[in-house]
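The numbers here are math on the coordinates, done by the rules we state, and not lab data. All values derive from a computational prediction rather than experimental measurement. With ideal geometry, Cβ positions are generated from the backbone for all residues, glycine too; neighbour counts draw on all protein chains shown.
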DNA sequence: GTCTATACCAGGATAGAC
DNA sequence: GTCTATCCTGGTATAGAC
């Protein structure tokens with residue numbers, strides 16, 4: 001069995017087109033969205049979301065005016081307000097929808113193998129590939145979370161701890177099996193998470209150096225593995 | 001010679017009180033600041049900066065109104081405007097001043113030893129300790145840089161690459177001396193940087209787990225060392 | 001040096017025509 | 001379903017009294 005997951009394979013596996021995501025969002029928010037025709041609504045939602053992510057990631061969500069947004073999305077102000085009832089709700093919609101997808105995809109990745117080494121590799125690859133496919137969302141989420149109400153901030157922190165937990169659980173199991181050496185899984189988990197996040201936070205850096213996701217993934221796996229593997233005799 | 005730098009030692013070495021920083025800033029911006037009495041100006045600048053960092057780090061610089069700021073700083077709107085001529089200039093002042101200090105302090109840390117292992121340890125410790133002393137500024141800088149004009153954004157990226165460079169240079173020298181094994185210093189440098197940044201970006205996480213800077217520093221040094229050290233025979 | 005009062009405008013939100 | 005026109009709050013910035 002090949003342990004490495006290719007980016008292309010991953011992409012076709014999850015099939016996360018903007019359209020799919022927006023359809024899901026539309027169906028889940030049918031009562032708060034005034035538009036009833038699915039085709040129209042989904043199409044416009046895609047444009048609104050893309051525009052919002054683009055503009056926000058340039059200058060921040062708060063600095064993006066709805067006038068800017070309406071131009072970028074190709075809709076009037078009035079039309080925008082048939083899809084959300086306040087700018088703040090738009091923010092929450094974007095974040096919530098993304099969180100759901102991320103959780104769903106990552107959870108599916110641990111399954112199918114029992115070897116902690118393979119699991120770890122899989123999760124690292126899946127996390128990086130996912131953040132590559134949804135880069136604007138990941139960046140947005142990281143930067144705008146602190147502008148939410150405290151209640152929602154907590155949900156974002158929970159989401160971070162959730163993925164970290166997947167990592168530490170694997171490491172603990174590996175320790176018990178004697179595959180990994182004794183170490184502080186909590187700190188290691190946090191460090192891995194930080195390195196994974198760097199990939200979508202510092203796009204300018206890695207793009208400038210012509211580093212692909214797969215290359216980065218293989219580096220991270222190596223970096224982590226060296227830390228975890230038992231002392232050679 | 002003891003290779004470890006204690007946090008307390010570092011703190012007294014650099015002596016970076018908010019007052020010192022603001023005095024330096026006052027002296028460097030004498031012509032754009034209308035107030036002439038040094039004592040008055042420095043005192044107020046300290047309050048303005050602290051207030052600005054506090055409020056911005058809660059909800060973002062853009063979302064912080066100058067009315068909020070004037071209340072938090074204990075000055076009237078009119079008084080604020082004798083210290084800077086626009087909200088945007090305030091942003092630039094804060095970021096520029098901080099960058100200068102960081103650069104100065106970090107550059108001083110590589111000196112005094114030739115062993116790459118010690119140098120690396122020193123730089124990691126110094127970076128973490130510095131970001132601990134100036135945590136609000138580091139967080140602010142990370143989050144608000146994208147709201148600057150492109151010209152200033154580039155300066156911030158340069159600053160990031162500058163510290164990364166210090167790391168990669170040490171690693172390369174270590175490789176040449178056979179102390180470190182062959183590896184991609186560029187990726188390793190980026191990863192170390194990411195882990196160092198996590199310390200001031202995820203305060204909530206590390207504070208909740210009761211992890212001290214010194215503990216975190218020793219973890220990072222261990223993590224990195226394991227990656228760099230040559231294969232044992 | 002600092003305050004209060006005010007000018008002025010940008011942005012979020014909505015009503016009502018089409 | 002979508003647009004235009006308009007309301008009104010709350011933001012930055014400044015003038016002039018103290």
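Distance between the pseudo-spin-label points of residue B:135 and residue B:63 (7 Å out from Cα toward the beta carbon): 2.0 nm.
Once Rh is set to the Kirkwood radius over Cα pairs, what Stokes-Einstein translational diffusion coefficient, in µm²/s, holds for the range A:121-192 at a temperature of 10 °C and a viscosity of 1.306 mPa s?
On the way: Rh = 13.8 Å.
D = 115 µm²/s.
Relative to the longest principal axis of the Cα atoms of chain A, the long axis of helix A:38-59 makes an angle of roughly 70 degrees. Cα centroids of the range A:119-136 and the range B:131-176: 25 Å apart.
Per DSSP H run of n ≥ 4, the term is -39500 (n - 2.57); total these for chain B, divide by its residue number, and report the mean residue ellipticity at 222 nm rounded to 500 deg cm²/dmol. Spell out each step's value before the answer.
On the way: 12 runs with 171 residues, N = 233.
After summing the helix terms and dividing by residue count, I get -24000 deg cm²/dmol.
So how do B:179, A:166 line up by other beta-carbon neighbours within 10 Å, fewest first? Don't skip to the end; give the middle numbers.
Numbers: B:179 15, A:166 20.
With the sparsest Cβ surroundings first, the list reads B:179, A:166.
Helix A:116-133 against the longest principal axis of chain A: what's the angle in degrees, Cα atoms only, rounded to the nearest 10? Helix A:116-133 sits roughly 20 degrees off the main axis of chain A. Hydrodynamic estimate: the Kirkwood radius of the range A:15-85 over Cα pairs, inserted into Stokes-Einstein at 25 °C and 0.890 mPa s, corresponds to D of 198 µm²/s. By the beta-carbon count within 10 Å of each Cβ, the least crowded to most crowded order of A:10, B:49, fewest first, is A:10, B:49. Within the listed set A:35, A:192, A:170, the Gaussian network model of chain A (springs between alpha-carbon atoms below 10 Å) gives the highest mean-square fluctuation for A:35.
Using alpha carbons only, how many degrees (0 to 90, rounded to 10) separate the axis of helix A:185-201 from the longest principal axis of chain A? Once rounded, the angle reads 40 degrees.
Across the identical copies, the 7 Å label point of residue A:11, projected outward along Cα→Cβ, sits 5.0 nm from its counterparts, in ascending order. Sorting the Cα pairs of chain B by distance into bins of 5 Å, from 0 upward, gives 1, 6, 13, 16, 17, 15, 12, 8, 5, 3, 2, 1, 0, 0, 0 percent per bin. Each label was represented as a point 7 Å from its Cα along the Cα-to-Cβ direction; for residue A:89 and residue A:27 these points are 2.2 nm apart. What separates the residue A:226 label point from its copies, with the point 7 Å along Cα to Cβ, is 1.2 nm, written shortest first.
Highest GNM mean-square fluctuation among B:14, B:40, B:133, for chain B modelled with Cα contacts below 10 Å: B:40.
I need the Kirkwood Rh of the range B:84-154: take the reciprocal of the average 1/r across all distinct C-alpha pairs and report it in angstrom.
13.6
Roughly how crowded by other chains is peptide A:190-199, in terms of the mean Cβ count from those chains within 10 Å of each of its Cβ atoms?
On the way: counts 10, 10, 3, 5, 10, 8, 1, 5, 7, 2.
Other-chain Cβ atoms within 10 Å of each residue's Cβ, averaged: 6.
Sorted from shortest to longest, the distances between the residue A:153 label points of this copy and the other copies are 2.6 nm, with each point 7 Å from Cα along the line through the beta carbon. For the range B:1-121, the Kirkwood hydrodynamic radius comes to 16.3 Å, computed from all pairs of different C-alpha atoms.
Would you please report the Å³ per residue occupied by the convex hull of the alpha carbon atoms in the protein assembly as shown? Mind dumping the intermediate values first?
Details: hull volume 78.3 nm³, N = 466.
Measuring per residue, one finds 168 Å³ for the Cα hull of the protein assembly as shown.
Peptide A:51-64 has a mean of 2 when you count, residue by residue, the C-beta atoms of other protein chains within 10 Å of its C-beta. Summarising the label geometry, the points placed 7 Å from Cα in the beta-carbon direction at residue B:149 and residue A:19 lie 4.3 nm from one another.
If R₀ is 22 angstrom, what is the calculated FRET efficiency for the pair residue B:161 and residue B:111, using the beta carbon separation as r and rounding to 0.05? Before the final figure, lay out the partial values.
Values: r = 21 Å, r/R0 = 0.94.
With R0 = 22 Å, the Cβ-Cβ based efficiency is 0.60.
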